[in-house]
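Reviewing the structure listed below.
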Amino acid sequence: MKIFDSKTKSLREFVPLHPGQVGIYLCGATVQGSPHIGHMRSMLAFDVLVRWLRISGYDVRMIRNVTDIDDKILAKSAENGWLWWAWAYRFEKEFTEAYRTLGILEPTYEPRATGHVPEMITLIARLIERGHAYVGRPGNVYFDVTSLPDYGSLTNQSLADLNADEDTSETDKRNPLDFALWKAPKAGEPESAAWDTPWGRGRPGWHIECSAMAGKYLGESFDIHAGGIDLRFPHHENEQAQSHGAGYGFAQYWMHNAWVTIEGEKMSKSLGNSLTVANIVREYPPVIVRLALGTVHYRSTVAYSPATLTEAAAVWDRLAGFVARAVDVVGEVPAAEIAGLTREDLPAEFVDAMDDDLNVSAALAVIHEHVTNGNNALADNDHVSLRAEQTMVRAMLNVLGLDPCADPWRQSDNGGTHEALAALVERILAERTQARAEKDWAKADALRDTLMQAGITVEDSADGVRWAVGGERG
């Protein structure tokens, strides 16, 4: 298996530190607000990684943290009249529900920052002792970036390339580029949001928590650190600096997923276009959302739009439809039989695709080939081949977290998928009709091409516009 190491910017053969075992640290949620699809992009991408490693025979230990104290949590809870810890827990529960809704596997452990203050204090003391950190005003401790020769190596930046910290209130820094390991309380912050330390009362800096928790649960050196590309600097750079400064090897491979764009812009709350998971799944089946976000290569940007959902719904209609027909004819292949398959049992083309830095697009193409084979077996009344293809299709879909017969999809209303697809198609056709009325032929053709790329044919007739997918008329 090869993965793209974003530190070396190269494909590297994956060789774990301990044969047969893989340790992964994934930066999880900062629970300041409701989870949106941008958050889920990262969780889905590395959910597929965990599934593939496990079917490849590895014992995977996945640690996904919860940041339950930071400046924004304190500010937003105060603005809304909540206790800060209750505000954090409220949204932690929302994230947990979003993970469950989208079929994301539970981590081996999900530590909270507030539960690991002793480990942070120990790590900070070690950094001070080794000359990489210093105490400012009471409660403030900073990392000295000039003390570490490889600072900036994760993002290939030198100190001369970096801009000074925008927080001008931290006047006790020796260097504007130094970052906080521990922070003194600000005026008006609750007393409960601070802990006693040898350097004064305060709370954690953003970066120290991850270094402390990764070290506790995965050891001084571990295999893979994963997260969104927007975390590379400063968060991941500073995590690495802290751990290297402490004398630890830290992550051997770095994997970063690209973000989600809406209307061509990076999704962000400042743009006002964040889409929460809870709102989206009221309109679209969760499995369609998972398929749309989780079957684009993790290093490629997901262009999220009604057209994206239309294409995903059409794909799911075909995949789940085949499985349903196969189950009706030859019965459901037991889940234990599916779970018992290993990478050696799967099609070689699928294995090659997944081993190629999780090339899910190529893997999905292999699944479609086997759906075609299964449909042919169904037409030929070849029950032996049909059962074999049901097994292969479901086993491959299971790697992507999309087996229609597995939880949570077997318990969901998959019968509503076609209705969701119809609503999406009709929306695009209405836009096309408007474009034709305005003689905007280029836009009308582009909208039709969007549907064709999703496997949907459009026919203009005297009776109006008709569309079809998978042999069923809309």
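FYI, it's all coordinate maths here, none of it is from the lab. Small disclaimer: the values here were computed from a predicted structure and weren't measured. Backbone-built Cβ (ideal geometry, glycine too); neighbour counts: all protein chains shown.
Please sort 118-130, 426-438 by packing, taking for each peptide the average over its residues of neighbouring beta carbons within 10 angstrom, highest first.
Packing order, densest peptide first, comes out as 118-130, 426-438.
Among the listed pairs Lys2/Lys216; Lys76/Lys216; Lys72/Lys216; Lys7/Lys183; Lys2/Lys93; Lys93/Lys183, give every one whose C-alpha distance is greater than 32 Å.
Numbers: Lys2/Lys216 27 Å; Lys76/Lys216 30 Å; Lys72/Lys216 26 Å; Lys7/Lys183 29 Å; Lys2/Lys93 35 Å; Lys93/Lys183 27 Å.
Listed pairs above 32 Å: Lys2/Lys93.
Rounded to the nearest 0.05, what FRET efficiency do Glu97 and Ala160 have when you use their Cβ-Cβ distance and R0 = 35 Å? Don't skip to the end; give the middle numbers.
Details: r = 46 Å, r/R0 = 1.31.
About 0.15, to the nearest 0.05.
Would you mind getting me the FRET efficiency between Glu438 and Arg466? Use the beta-carbon distance for r and R0 = 25 Å, nearest 0.05.
Numbers: r = 22 Å, r/R0 = 0.88.
My answer for the efficiency is 0.70.
Pulled fully out, how much extra length does the chain show between Glu369 and Asp71, if you take 0.36 nm times their separation in residues and subtract their Cα-Cα distance? Don't skip to the answer; put the middle values down first.
On the way: separation 298, 0.36 × 298 = 107.28 nm, distance 5.04 nm.
Result for the pair: 102.2 nm of gain on full extension.
Fewest Cβ neighbours within 10 Å first, please rank Met1, Met213, Met354 accordingly.
Working: Met1 17, Met213 23, Met354 27.
Listing Met1, Met213, Met354 from fewest to most nearby Cβ atoms yields Met1, Met213, Met354.
Could you line up Leu74, Leu421 from fewest to most neighbouring Cβ atoms inside 10 Å?
On the way: Leu74 21, Leu421 29.
Neighbour counts put them in this order, fewest first: Leu74, Leu421.
Straight-line reach from Lys186: which aspartates and glutamates have Cα under 16 Å away, leaving out those fewer than 8 places along the same chain?
Filter leaves Asp70, Asp71, Glu79, Asp167, Glu170, Asp172, Asp196.
For an R0 of 30 angstrom, estimate the FRET efficiency from the Cβ-Cβ distance between Ala335 and Tyr89 and round to the nearest 0.05.
Numbers: r = 34 Å, r/R0 = 1.12.
Computed FRET efficiency for Ala335 and Tyr89 comes out at 0.35.
Could you order peptides 277-287, 337-347, 138-148 by the average number of other Cβ atoms within 10 Å of their residues, highest first?
Sorting 277-287, 337-347, 138-148 by mean packing, highest first, produces 138-148, 277-287, 337-347.
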